[in-house]
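Structure record follows, encoded as structure tokens.
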Amino acid sequence: MTPPPIPVALRRRRGQAELDEANRRLEHATPAEIVAWAHRRFGRRLALTASFADTVLIDIATSTAPDIEVVFLDTGFHFAETLSTVRRAMERYRLNLTVLRPDADAADVWASGSEACCAARKVEPLDRYLAAGFDAWLSGVRRADHPGRAGTPIVSVDRRGLVKVNPLANVTDDEYERYVAEHDVIVNTLAFDGYASIGCWPCTEPSAEGRAGRWAGAKTECGLHL
Ligand code: SF4
């Protein structure tokens, strides 16, 4: 049964001791064990955000929680290959998918710059959505993604007061690639065209590794994970 919602004030007071204990227990756990812990702890008030660069986290999470709510931020600027990956994932996993779209007059990157565009098309829609119905969310952030993510904890409280769980935080590149091969995970075909990281088409270029191809190196995060 899903635990009752946790009031925002209580979320913000959630003790550091509880987080520290969760991080201690989960630091060497497998991604599946971390997802299982989060699902037990938060039930239906847990969502998963997916960028559809591949379906590793979806594959792991739906094995434990087949009906977990998967959230995709449709910025209006995704590559056709990314939208195709969403369709393929729907067919394979029968996802409980929610697609969030920006307001019709949302800032765009050309007129307003990438900070305002990411804020209007990614950060604000997700903030509104999570605040309305969730206590916790799963993200696919890994420490190996980028030096700026090297300190990513397994569990933290984000700036919204929600619990953010990163089940893949301690997964290395080799382990990640092994999981993709062994589980025949769906991979965005742009990865085979030299895109190590995949975001919106105006802001993504091919790159050999990490997030160097995002925003022409001018920034490395859109604001979702800050
Ligand atoms: S990645 Fe680029 S196009 Fe996508 S929301 Fe951010 S600034 Fe806009």
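The values are calculated or read from the model by the stated rules, or taken from the named source; none is laboratory data. Model, not experiment: these values are computed from the prediction. A quick note on method: Cβ atoms are made from the backbone with ideal geometry, for glycine too, and the neighbour counts reach across all protein chains shown. Quick note on the areas: whole protein, heavy atoms, side chains included, nothing else; ligands and nucleic acids left out. Shrake-Rupley method; radii C 1.70, N 1.55, O 1.52, S 1.80 Å.
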Check: When residues of segment 83-101 are filtered for being within 19 Å of G223 (Cβ to Cβ) and open to solvent by less than 30 Å² (accessible area, probe 1.4 Å), how many remain?
Finding: 1
Next item on the list: Scan (1) buried (at least 16 other Cβ atoms within 10 Å of the Cβ); (2) touching a residue at least 60 places away in the same chain (Cβ under 8 Å); (3) within 16 Å of the ligand (Cβ to nearest atom) for the single condition V165 breaks and write down its number.
Entry: (3)
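Looking at L95, L73, which is the one that is aliphatic (A, V, I, L, M), within 16 Å of the ligand (Cβ to nearest atom), modelled with pLDDT of 95 or more and under 16 Å from the mean Cα position of the chain (by Cα)? Full working, then the answer.
Values: L95 fails: within 16 Å of the ligand (Cβ to nearest atom).
Going through L95, L73 in turn, the sole match is L73.
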Note to self: Could you tell me how many of the residues in segment 137-158 are among the hydrophobic types (A, V, I, L, M, F, W, C) and open to solvent by 20 Å² or more (accessible area, probe 1.4 Å)?
What the structure shows: 3
Check: Under 6 Å by Cβ, and 6 or more places apart or on different chains, what pairs join a residue from segment 213-224 that is under 13 Å from R149 (Cβ atoms) and within 11 Å of the ligand (Cβ to nearest atom) with one that is part of a loop (DSSP other than H, G, I, E, B) and polar (S, T, N, Q)?
Finding: R214/S197
Next item on the list: Could you tell me which of the residues N188, N170 is within 16 Å of the ligand (Cβ to nearest atom) and either under 21 Å from L48 (Cβ atoms) or open to solvent by 40 Å² or more (accessible area, probe 1.4 Å) (or both)?
Entry: N188
Check: Of the numbered conditions (1) of a type outside the set (S, T, N, Q); (2) in contact with a His (Cβ under 9 Å, 6 or more places away or on another chain); (3) over 20 Å from A36 (Cα atoms), K164 satisfies every one except a single condition; which is it?
Finding: (3)
Notebook entry, point to check: In the list E209, E205, E175, which residue meets the criterion of being acidic (D, E), modelled with pLDDT under 95, open to solvent by 70 Å² or more (accessible area, probe 1.4 Å) and away from the ligand (no atom under 15 Å from the Cβ)?
Noted result: E209
Next item on the list: Could you look through segment 114-134, keep only residues that are more than 15 Å from the ligand (Cβ to nearest atom) and crowded, with 19+ Cβ neighbours inside 10 Å, and pick out the one that is nearest to T98 (Cα to Cα)?
Entry: L130
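Can you tell me how many residues within segment 35-66 are part of a helix (DSSP H, G or I), open to solvent by less than 30 Å² (accessible area, probe 1.4 Å) and within 21 Å of A181 (Cα to Cα)? If you could, list the steps in order and put the result at the bottom.
From segment 35-66, those part of a helix (DSSP H, G or I) are 35-45, 56-64; that's our starting set.
If we keep only those that are open to solvent by less than 30 Å² (accessible area, probe 1.4 Å) as well, we get 35-38, 42-43, 56-62.
Cutting the leftovers down to within 21 Å of A181 (Cα to Cα) gives us 35, 56-62.
Residues in segment 35-66 being part of a helix (DSSP H, G or I), open to solvent by less than 30 Å² (accessible area, probe 1.4 Å) and within 21 Å of A181 (Cα to Cα): 8 in total.
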Notebook entry, point to check: List, please: which pairs have Cβ atoms under 6 Å, are six or more places apart or on different chains, and start with a residue in segment 74-90 that is more than 13 Å from T189 (Cα to Cα) and end with one that is in a helix (DSSP H, G or I) and not small (G, A, S)?
Noted result: T75/R121; F77/W201; F77/P202
Checklist line | Residue list for segment 18-33, filter: at pLDDT 95 or above and either out of contact with any strand residue (DSSP E or B) (no Cβ under 7 Å at 6 or more places or on another chain) or within 17 Å of V70 (Cα to Cα) (or both) | finding: R24, R25, E27, H28, A29, T30, P31, A32, E33
Next item on the list: Can you tell me which residue among A212, A181, A169 is part of a loop (DSSP other than H, G, I, E, B), over 18 Å from the mean Cα position of the chain (by Cα) and under 29 Å from E27 (Cβ atoms)?
Entry: A212
